[in-house]
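Bear in mind these aren't lab numbers, they're just calculated from the coordinates by the rules spelled out. Being a predicted model, the structure only gives us computed values, none of them experimental. Positions of Cβ are generated from backbone atoms using ideal geometry, with glycine treated the same way; all protein chains shown enter the neighbour counts.
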Amino acid sequence: MSDRFAALHVQALRKTFGSTTVLDGIDLRVAPGSVFALLGANGAGKSTTVRILTTLLPFDSGTVEVAGLALPAHARSVRQRIALTGQYAAIDDVLTARENVRLAAQLAHLPSSTINGRVRELIERFDLGHVADRRAGTLSGGTARRLDIAMSLVASPQVLFLDEPTTGLDPRSRLIMWEVIRELAAEGVTVFLTTQYLEEADRLADRVAVLDSGRIVAEGTPDELKALVPGGHLELRFTTEPDLDHAAALLGGETDPSTLTLEVPTDGDLPHVAALLTRLADDAVPVEKFGLHSPTLDDVFLTLTGTANRKKFSQ
């Protein structure tokens, strides 16, 4: 049944290559104007999922709807509503940046009367004016990436697929790319992102799905996924070993005499953390320094992926 309230709707999607099952019945639902991140190790099935959703690869069974249209029946119409930026910039190194955007506009069959304005708009939007007349092959990795996304947006797609878009970028270029993605989502573009950078998903995504061995093993907001994993703790540092021992007797937890620190398990709930600190203050135990440590998406990824880890987590 069509889900007109979803930009992407996938149910029981399966794909095999010979005897190898790459996608084993995955379900996905992506809200319009949101950023959805699909995480997974190499070989987990991320790129296969993207290729299916972008009409580049047939699937064996299940239902797939993109921008409200079912695949494979409406593949041509779907292609008119989406754009894909792969792991490496798909630009012509011989053409200038401006010529690349113009070529993309022509390939998208924009009316000739609108092409000049659209090219100018995208060159300005992605801060490419200073390199617009330089050959694309001379651009830095970050600038080439911005050009690649500008080319993807010439036809104003409803859904933009970004397959590991910041691979190989330096930290500054990665931050610039993150800002571009945020702006696109704020304008109503649905962004489907695959990445191996866990911080990237944490910073950008409204919802995250973890794909492992062809199956979705967890899905939710970044905070919801972090809540699945134990390991949050309050770290307290003391100036003397007697203070450390006194605090451990009051609060429990694990001590490290070499650094005079105590780790007390907590879910990070403010009243609980406040209660722990109040108990120390009431007993006049001086604390040199304290900090709250919460699970990260790295912890989620390492806990939920891999057969051994999944079995351990489910026990």
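A few points about this structure:
- Taking the longest Cα principal axis of the chain as reference, the axis of helix 97-107 is set at about 60 degrees.
- Legend: calculated FRET efficiency, ALA186 to ASP223, from the Cβ-Cβ distance at R0 = 30 Å, rounded to 0.05, equals 0.90.
- For the chain: relative contact order, % (alpha-carbon pairs under 8 angstrom, 6 or more apart): 19 percent
- Anisotropy class of the range 166-210 from Cα gyration tensor, a/c 1.5 cut: oblate
- Considering all C-alpha pairs of the chain, those separated by over 34 Å amount to 38%.
- Between the range 96-132 and the range 27-70, the alpha-carbon center distance in angstrom: 28 Å
- Seen against the Cα atoms of the chain and their longest principal axis, helix 141-152 is set at about 50 degrees.
- Between the beta carbons of GLN80 and PHE5, assuming R0 = 25 Å, the FRET efficiency works out to 0.75 to the nearest 0.05.
- Folded to 0 to 90 degrees: helix 270-282 orientation relative to the chain principal axis, Cα: 30 degrees
- Here the range 147-252 is treated as a Stokes sphere of Kirkwood radius computed over C-alpha pairs; at 4 °C and 1.567 mPa s its diffusion coefficient rounds to 76 µm²/s.
- Spin-label zone in the range 235-273 - amide nitrogen under 12 Å from a point set 7 Å from the Cα of GLU288 along the C-beta vector: 236-244, 257-262
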